[in-house]
1. Please state which one of 171, 188 is exposed (fewer than 12 other Cβ atoms within 10 Å of the Cβ), in contact (Cβ under 8 Å) with a residue 24 or more places away in the chain and within 28 Å of the chain's Cα centre (by Cα).
2. Is it true that residue 136 is surrounded by fewer than 14 Cβ atoms within 10 Å (Cβ to Cβ), modelled with pLDDT under 90 and in contact with a helix residue (DSSP H, G or I) (Cβ under 8 Å, 6 or more places away or on another chain)?
3. Would you confirm, using the coordinates I've provided, whether residue 159 is touching a helix residue (DSSP H, G or I) at 6+ places or on another chain (Cβ under 7 Å) and either assigned by the TED database to the domain that holds residue 20 or within 30 Å of residue 187 (Cα to Cα) (or both)?
4. Among 97, 125, which is the only one that is in the same structural domain as residue 19 (by the TED database), within 25 Å of residue 15 (Cα to Cα) and out of contact with any strand residue (DSSP E or B) (no Cβ under 8 Å at 6 or more places or on another chain)?
5. One residue is enough: does the range 138-159 have a residue meeting the conditions part of a loop (DSSP other than H, G, I, E, B) and closer than 30 Å to residue 67 by Cβ?
6. Considering 34, 109, 55, which residue is over 30 Å from residue 192 (Cα atoms) and in contact with a helix residue (DSSP H, G or I) (Cβ under 6 Å, 6 or more places away or on another chain)?
7. Does the range 60-77 include one or more residues that are assigned by the TED database to the domain that holds residue 33 and out of contact with any helix residue (DSSP H, G or I) (no Cβ under 9 Å at 6 or more places or on another chain)?
8. Using the structure shown, decide if residue 153 is out of contact with any helix residue (DSSP H, G or I) (no Cβ under 8 Å at 6 or more places or on another chain), touching a residue at least 24 places away in the same chain (Cβ under 8 Å) and surrounded by fewer than 10 Cβ atoms within 10 Å (Cβ to Cβ).
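The values are calculated or read from the model by the stated rules, or taken from the named source; none is laboratory data. What you see is a predicted model; the values in this text were computed from it and never measured. Cβ sites come from the backbone with ideal geometry, for glycine too, and all protein chains shown count toward neighbours.
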């Protein structure tokens, strides 16, 4: 895994269960993708696979709000050519390598502009999200209750009655230890409630 990480140049980040916000890009894509597929399939919901190519192509050729480019443009350096478009212009290059150099320059400009657009969009999203949001901080040794995701009914408790102790701080992630079993798990702050002793 480490070799692939170095080869491709990505940063592997672990996520916690039941906290889809950690994988925001993937979750956003899934929501978009499922909404489009569900519009096209039949009433038996068994022919969704027939529309995969069309939906993926539509997604890849649509301009995204955050980048202001389509994924196709960011990959190939030009807009996608659809069957309804007229024939593309022909360019003459003195050397075959000229095309490659021109493509590299175009992609560099697109990627830089896309990066700047993403940062602006992220900043706007963060300001909106943090507008009225509290940011609780826990300390080592604090007792907390963990959110329960598997419930049998509406009146079941939302948080475990068994206290957990904060043993590691990586805000907004915390490693907590079950007070009775000693089992440790990594939990997001939004799934913890401080236990106030009286």
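1. Working: 188 fails: exposed (fewer than 12 other Cβ atoms within 10 Å of the Cβ).
The conditions single out 171.
2. Working: surrounded by fewer than 14 Cβ atoms within 10 Å (Cβ to Cβ): yes; modelled with pLDDT under 90: yes; in contact with a helix residue (DSSP H, G or I) (Cβ under 8 Å, 6 or more places away or on another chain): yes.
When the stated conditions are applied, residue 136 passes them.
3. Values: touching a helix residue (DSSP H, G or I) at 6+ places or on another chain (Cβ under 7 Å): no; either assigned by the TED database to the domain that holds residue 20 or within 30 Å of residue 187 (Cα to Cα) (or both): yes.
No, not satisfied.
4. Numbers: 97 fails: within 25 Å of residue 15 (Cα to Cα).
Of 97, 125, the one residue that is in the same structural domain as residue 19 (by the TED database), within 25 Å of residue 15 (Cα to Cα) and out of contact with any strand residue (DSSP E or B) (no Cβ under 8 Å at 6 or more places or on another chain) is 125.
5. Going through the range 138-159, the residues part of a loop (DSSP other than H, G, I, E, B) turn out to be 138-142, 148-158.
Next, from what is left, pick out any that are closer than 30 Å to residue 67 by Cβ: none.
Looking through the range 138-159, none of the residues is part of a loop (DSSP other than H, G, I, E, B) and closer than 30 Å to residue 67 by Cβ.
6. Details: 34 fails: in contact with a helix residue (DSSP H, G or I) (Cβ under 6 Å, 6 or more places away or on another chain); 109 fails: in contact with a helix residue (DSSP H, G or I) (Cβ under 6 Å, 6 or more places away or on another chain).
Matching residue, one of 34, 109, 55: 55.
7. If we filter the range 60-77 for residues that are assigned by the TED database to the domain that holds residue 33, which is where we start, we get 60-77.
In the following step, the residues that additionally are out of contact with any helix residue (DSSP H, G or I) (no Cβ under 9 Å at 6 or more places or on another chain) were identified as none.
There is no residue in the range 60-77 that is assigned by the TED database to the domain that holds residue 33 and out of contact with any helix residue (DSSP H, G or I) (no Cβ under 9 Å at 6 or more places or on another chain).
8. Details: out of contact with any helix residue (DSSP H, G or I) (no Cβ under 8 Å at 6 or more places or on another chain): yes; touching a residue at least 24 places away in the same chain (Cβ under 8 Å): no; surrounded by fewer than 10 Cβ atoms within 10 Å (Cβ to Cβ): yes.
Considered against the rule, which asks whether it is out of contact with any helix residue (DSSP H, G or I) (no Cβ under 8 Å at 6 or more places or on another chain), touching a residue at least 24 places away in the same chain (Cβ under 8 Å) and surrounded by fewer than 10 Cβ atoms within 10 Å (Cβ to Cβ), residue 153 comes out as no.
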